[in-house]
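Contents: one structure, followed by commentary.
All of the numbers you see were taken from the coordinates with simple rules; none came from a lab. Since the model is a prediction, treat every value here as computed from it, not as a measurement. Cβ atoms come from the backbone with ideal geometry, glycine included; neighbour counts cover every protein chain shown.
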Amino acid sequence: MSSKTVNPMMQSAAWRISLWATLAFAVGTILVFGMLHRFVANDIQRRSDAWLSGEVGVLGDVAERTPKDRLYSRVVREVAELASREVPNKQQGSGTENDAVFFLQAGADGTLKLWAGRGDGSAQLAAIRSTKVVLDSPYDLSVKGFRIPFRVAAVRMKDGTSIYLGLSEKDEIRVLRNLRSRFLALWLLIVLLGFSIVFYATRRMLGHVRRITEAASRIGQSDLSSRVPTSNRNDEVGHLGRTLNRMLDRIENSMHQLHTITDSLAHDLRSPLTAIRGQLEIALTAGVKGEQIEPIVSAMDEVDRLTEFLNTSLDVAEAKADALRISPAEVDIEDLVRVMIDLYEPCLAEKGISVQMRSSGPVKVMADAALLHRVIANLLDNEVKHLPAGCMVALGLGSSDGFARLVVEDNGPGFGEDLGHHMFEQRARGKESKGHGLGLAFVAAVVRAHGGEVSAGNRPQGGAILSLTLPLATQTKAEAPASLAVVNG
Amino acid sequence: MKLLLVEDEVEIQTLLKKPLGEAGYTVHLAEDGRTAASLAAANGYDILIVDLGLPDQDGIDLILQLRKSGITCPVMILSARRSVDDRVKGLEQGGDDYLTKPFAVAELLARLRNLVRRTSAAGEDATRLRILDLELDFIKRRAARGGDVLNLSPQEFVLLEYLCRHAGRVVTRSMLLAEVWGTRIQPDTNVVDVHIYRLRGKIDTAGREPLIKTLRGVGYVLKDR
């Protein structure tokens, strides 16, 4: 009912479970990929370093053995360009333009002696000279004018010159970028797939739980015969359903026992009561005269009172155990109250009590009409018995927040101090009261069995006030078909 | 008028036999469902009285079984149960009636008469009714006594109408509550008596013979002769 503002799917546990599971899965795969990425990057680095070291060694050898004549620079450059064709991780068909590799020979004084590669090599030389170089292992070199750093291996010649072989890291970076973008696409796909699988599975599982909850909430006070749906599977949800059903079996059993006890008690007492009343009645109609009438009539009155007491106390006992038998139907409580006021008005008027009713139109509730009749009759009986002449009774009927609300007020003496909070308890009655003390207990029991509330007290300006609420028919409509089906069955 | 009383309690049997006989019924007795079924099949009864608490089966099952075998006479259901079974409500809608124990014998007799009349479909749709010098006009919803129009509230007219339709017979308080106000409550107070008292004040005015008679402990009778 409160989910109007929040999407119900967002409230579902399935949503939360799948969200957390997906998050954990996503983080886990990212971590695994991170490690994989590192491993691949290291491996590529290692391979290009090995190539660089090998080539720079070869070039050093060539440079050493080639006679230092006019051909020297041509031979060495030729060899260097040959070497650059075998670059590892090279992108296929990148053209003849070779900007991935440079070869550089620097003199002992730091001047450029030989250069192979794109450009004139001065930027590379400047970068090399400004870097502190450890000769044995390749290192990273950022060159001005090139976005991507070079990996450089160096070898020092006997004549004091140094040979440098540089390899651009762009191929390595491209390979890793490819790897990352492919992984990201795959990762997104897997995470989405995983999320939908987890969401679907938990939703299905929780759907069973939800159906059990719905069925269990329909099993109300008036309907104990239906059961929650169970599946044949031997999992937790199946267990939950079966356990609930076993519990319902036990509840229905004890409820049934209570009904049997109260019914047989009522039955055992009622047949003799019928016989007694019948004999008295026959004696009365057989032409008893004068003084003999009065004792017979009062004996009949006592039998009637005893019967009513028996009925009501059994009703209250059942209602206290939440076992009151209710056959609900849509009832216009306004109409019902008006009929009862019609019935009681002459009796109240005879005692000098006036009665009025305030209402804003029909109020439909889902209730047992026969029980409601008795509730209203009890309340009005109370007023007849306890109000002194000249008082006024006001009944107000309205509805708010899905509940019908009936308020009965009077300006009489109000509830006695001695009654306090016990007025809805069985046998509670004021000192002056002649009743058997079941009236208000019955009212409270019936109202609560219908899912309503009842409260009573004294008004600040004097007199008693009693109010009761009953759920409106429209609200219980969703549950009505289930209980009606049971009634009809 | 042949009547079958299906009841296992001896007290109720002895209580009902005499007044039923006096009311003109030929009473047959059955103490359990089996006997009742065979008796009902053998003799065509005009009316059945069935107690719900039979030793061998549930009274409702018996009634449904009889209905299935083609017995259509009206049934008066007696119940000592406190709550009215929904199946009983179903039967009530189907034209049968029920009484919860303890009941007044007069009420049982009155309801039996109603049942028989209902099924024999005697024309009740007369627009006027005359009992002694009391006249009722059901179309204008007006009543007059000895030619003087009575100033009745709609409620009082309905009450008088019910008494007139049962003129000469006992009407109990619970019958009036059920038929006039549509409720089966048993008030702690004398609400019905006050209504009758008011009605009597308007009908049995000074100098006229009282028409509504109170039978103490039983109910009321509207005199028709």
Quick calc, the range A:259-361, dipole around Cα centre from Cβ unit charges on Lys, Arg (+) and Asp, Glu (-), nearest 20 debye, gives 160
Can you give the direction-averaged projected area of the convex hull of the alpha-carbon atoms in chain B, in nm²? 13.2
What number in nm² do you get for the range B:102-225 if you take the convex hull of its Cα atoms and divide its surface by four? 8.1
Taking amide H positions as placed in the peptide plane 1.01 Å from N, state which residues far from A:Met357 in sequence (5 or more) or on other chains have amide H under 5 Å from it. A:Leu395
Need one number: the % of Cα-Cα pairs in the range B:168-225 sitting beyond the 19 Å mark. 29
Mark the label point 7 Å from the Cα of A:Thr285 along Cα→Cβ and return the residues of the range B:21-43 whose backbone N is within less than 13 Å of it. B:21-25
Karplus couplings for the range A:179-185 from phi (6.51 cos²θ - 1.76 cosθ + 1.60, θ = phi - 60°), rounded to Hz, Gly and Pro as x? 4, 5, 5, 5, 4, 4, 4
So what's the angle, to the nearest 10 degrees on a 0 to 90 scale, between helix B:154-165 and the longest Cα principal axis of chain B? 60
Once both labels are modelled 7 Å past Cα along the beta-carbon direction, what's the A:Phe33-B:Thr72 spacing in nm? 8.3
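For the range A:226-382, what value does the Rg/Rh ratio take when both radii are computed over Cα atoms and Rh is the Kirkwood radius, given to two decimals?
Result: Rg/Rh = 1.15.
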So if I restrict to the alpha-carbon atoms in chain A, what is the Rg, and what is Dmax, the biggest pairwise distance, in Å? 48.7, 163
Compute the long axis of helix B:191-203 from its Cα atoms, compare it with the longest principal axis of the Cα atoms of chain B, and write down the angle in degrees, 0 to 90, nearest 10. 40
Using the Cα centre of the protein assembly as shown as the reference point, and only Cβ charges (+1 on K/R, -1 on D/E), how large is the resulting charge dipole? Debye, rounded to the nearest 20. 3000
Per principal axis, descending, Cα span of the range A:279-356 in whole Å: 49, 37, 20
Once the dipole of chain A is set up from charges on Cβ (+1 Lys and Arg, -1 Asp and Glu), the residue from the list A:Ala24, A:Ser12, A:Phe442 lying farthest towards its positive end is A:Ala24
Give me the percent relative contact order of the range A:210-348, please, defined on Cα pairs under 8 angstrom at least 6 residues apart. 24
Under the rule of -39500 (n - 2.57) per DSSP H run of 4 or more residues, summed and divided by the residues of the protein assembly as shown, what mean residue ellipticity at 222 nm is obtained, to the nearest 500 deg cm²/dmol? -17000 deg cm²/dmol
B:Asn43-A:Ile293 FRET efficiency (beta carbon distance; Förster radius 41 Å; 0.05 resolution): 0.55
Nearest 0.05, what FRET efficiency do B:Val158 and B:Ala206 give at R0 = 30 Å with Cβ-Cβ as r? 0.75
Can you give the net charge of the other residues whose Cβ lies under 12 Å from the Cβ of A:Thr202, counting K and R as +1 and D and E as -1? +4
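Compute the FRET efficiency between A:Ser225 and B:Asp193 as 1/(1 + (r/R0)^6), taking r as their Cβ-Cβ distance and R0 = 56 Å, and round to the nearest 0.05.
Working: r = 43 Å, r/R0 = 0.77.
So, using R0 = 56 Å, E works out to roughly 0.85.
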Along the charge dipole of the range A:129-219, pointing to its positive end and built from +1/-1 on Cβ of Lys, Arg, Asp and Glu, which listed residue (A:Leu192, A:Leu179, A:Ser217) has its Cα farthest out? A:Ser217
Residue pairs, from the table A:Lys289/B:Lys202; A:Lys351/B:Lys223; A:Lys68/A:Lys158, whose Cα atoms sit over 24 Å apart: A:Lys289/B:Lys202; A:Lys351/B:Lys223
